[in-house]
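The values are calculated or read from the model by the stated rules, or taken from the named source; none is laboratory data. Here the structure is a predicted model, which is why all the values come from computation and not from measurement. When we count neighbours, we look across all protein chains shown, and the Cβ atoms used for this are built from the backbone with ideal geometry, even at glycine.
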């Protein structure tokens with residue numbers, strides 16, 4: 001297979017994808033999961049990857065620059081590299097929930113593997129990985145044995161004609177039923193992930209370090225957690241000494257799980273003594289209602305879903321972020337803290353941070369920046385499209 005000069009340069013620079021319109025020549029028609037070998041203009045080896053004839057991303061690069069045999073050996077190498085990068089997390093008995101393989105960031109594009117305690121959750125974003133699951137499992141059994149291995153297909157994998165019927169829906173590949181989810185620790189706090197019913201692989205592991213910072217800052221502050229999902233930030237705030245926490249989300253089941261997270265950690269005095277309330281509803285409407293009622297908080301956490309999943313949605317996303325900033329600032333007491341995050345790669349970090357800071361300035365509540373954070377170590381970034389997470393911690397002025 002030969003690609004355009006632009007694609008050749010991108011692959012040499014480490015980009016993990018080759019798009020359909022970048023392929024100049026192909027030796028034969030392939031099926032999903034075939035090994036694709038790329039050559040440069042001088043017929044020299046360029047890269048090897050997995051072929052996906054149904055996706056605009058035709059080839060997902062596994063190795064570039066030097067030949068590599070695709071199979072269990074290569075997967076063991078990638079897994080060993082990932083575990084080495086995460087050694088601090090692997091060796092931390094207080095944290096047993098983190099991402100082990102982060103797709104493109106760990107040179108296994110289209111594949112995610114998360115650890116939750118004694119269980120592993122594997123998610124595929126391309127059917128190209130499905131023919132290689134047995135060899136991948138062989139690598140896992142050798143380097144990372146677990147009591148549970150759950151499999152999740154992305155929407156694209158579920159609907160692909162290349163996907164076997166047995167892999168079109170989530171399935172437990174090994175281990176006992178997951179009726180109560182997978183329990184894990186984060187900074188000593190007990191959480192549960194529900195891979196078959198939850199978002200992502202059952203929990204937002206990428207916010208671990210931001211939750212730890214909230215825990216550090218929350219002492220003595222009443223906290224509002226907007227888009228709370230199962231209450232990760234809420235529990236962290238309570239554990240840090242917040243006397244009261246209000247979790248709000250559109251999903252009643254998610255809020256029930258937030259309450260269960262508080263129950264799981266009732267052995268901690270700080271959590272047991274924190275008054276935890278939940279409120280179901282649209283975030284914008286709930287925040288407006290809280291403002292009308294005169295409610296005020298020492299910290300407001302705003303962690304919304306992606307507002308820009310497709311090209312052309314960036315302007316609308318920035319408007320939504322601005323509106324959320326406005327609403328949050330109205331609810332924060334003088335000297336209080338705003339924590340606002342974005343999880344879309346279509347809005348770059350600079351644009352997001354400027355949106356929040358400029359909105360605050362326009363509202364006469366210029367923020368003192370405490371921190372601007374990005375990806376944690378278990379969510380490495382190797383290409384621009386993979387850089388999605390950013391979070392701003394800012395303190396509002398003590399007087400308007």
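Of the helices (runs of 4 or more DSSP H) lying entirely inside segment 228-333, those containing at least 1 residues that are over 28 Å from residue 374 (Cα atoms) and free of Cβ contacts under 8 Å to residues at least 24 places away in the same chain are 252-264, 269-273, 283-292. When we screen 105, 156 for residues that are outside any loop (DSSP other than H, G, I, E, B), closer than 24 Å to residue 202 by Cβ, modelled with pLDDT under 95 and within 21 Å of the chain's Cα centre (by Cα), the only hit is 156. All told, residue 141 meets the bar of being over 22 Å from residue 34 (Cα atoms), assigned to a helix (DSSP H, G or I) and in the same structural domain as residue 82 (by TED's automatic domain parsing).
Evaluation of residue 339 against the conditions (1) buried (at least 18 other Cβ atoms within 10 Å of the Cβ); (2) not in a strand (DSSP E or B) shows that the sole unmet condition is (2). Could you tell me whether residue 190 is within 21 Å of the chain's Cα centre (by Cα), part of a helix (DSSP H, G or I), over 25 Å from residue 56 (Cα atoms) and not assigned by TED's automatic domain parsing to the domain that holds residue 91? No: the conditions fail for residue 190. Among all residues of segment 342-363, there is none that is part of a strand (DSSP E or B), under 30 Å from residue 188 (Cβ atoms) and more than 20 Å from the chain's Cα centre (by Cα).
Any residue that is outside any loop (DSSP other than H, G, I, E, B) and buried (at least 24 other Cβ atoms within 10 Å of the Cβ) - is there at least one of those in segment 217-224? The answer is yes; a qualifying residue exists.
The residue list 345, 315, 308 contains one member that is farther than 29 Å from residue 97 by Cα and modelled with pLDDT under 95, which is 315. Tell me yes or no: at least one residue of segment 53-73 is part of a helix (DSSP H, G or I), touching a helix residue (DSSP H, G or I) at 6+ places or on another chain (Cβ under 9 Å), modelled with pLDDT of 95 or more and farther than 27 Å from residue 191 by Cα. Checking segment 53-73: at least one residue is part of a helix (DSSP H, G or I), touching a helix residue (DSSP H, G or I) at 6+ places or on another chain (Cβ under 9 Å), modelled with pLDDT of 95 or more and farther than 27 Å from residue 191 by Cα.
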